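Notes for the one structure printed next.
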Amino acid sequence: MKRIFAREEYCLGCRLCEIHCLVKHSKSKRIIKAFRREQDTAAPACRVEESGRVSFALQCRHCEDARCIEACITGAMHRDPTTGAVICDTERCVGCWSCIMVCPAGAVERGRSRQVASKCDLCMGEDTPVCVMHCPNEALVYEER
């Protein structure tokens, strides 16, 4: 299965990955509307972590042995049978936060608009996730390992 990997030695901390992720998952798909009118509902599924001069994008690792799937009490966290990605069905999520507590990467978060889990879905329907497509320094790669 393909996954997103961060190469922190190339990351500038520009946060374009966060911006493009937010826009991709917004209702309008337009940058100004997403930031000005949808800021309470749209949230990026990746975030840039920084420590001094080191920065990197953090998002779901879509683990083979995904603890979030095992911890989910409703089955909202599941593996997509086609892509192998770990997906959260927000209609089934009850906001128990078990997935957040067990995620070793700290990549599952509370949704902004509803009390449901939020995480990277590898931009379902796209050949390449938007965070990878728009990284100016190629600090994010989408590949098999």
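Nothing in this text is a laboratory measurement; each read-out follows from the coordinates by a stated rule. Computed from a predicted structure; not experimentally measured. All Cβ positions, glycine included, derive from the backbone under ideal geometry; neighbour counts span all protein chains shown.
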Q.
With only alpha-carbon atoms in the gyration tensor, what are the semi-axes of the equivalent ellipsoid for the chain, in Å, largest first?
A. 23, 19, 15
**Q.** Average Cα contact separation per residue, the chain, under 8 Å, 6 or more apart, as relative contact order %
**A.** 32 percent
Q) Using a 4.7 Å Cβ cut-off, which Cys residues in the chain lack a partner cysteine? A) Cys11, Cys14, Cys21, Cys46, Cys63, Cys72, Cys88, Cys93, Cys96, Cys103, Cys123, Cys135
Q. Using modelled backbone amide H atoms (1.01 Å from N, in-plane), which distant-in-sequence or interchain residues come within less than 5 Å of Ala117's amide H?
A. Gly95, Gly111
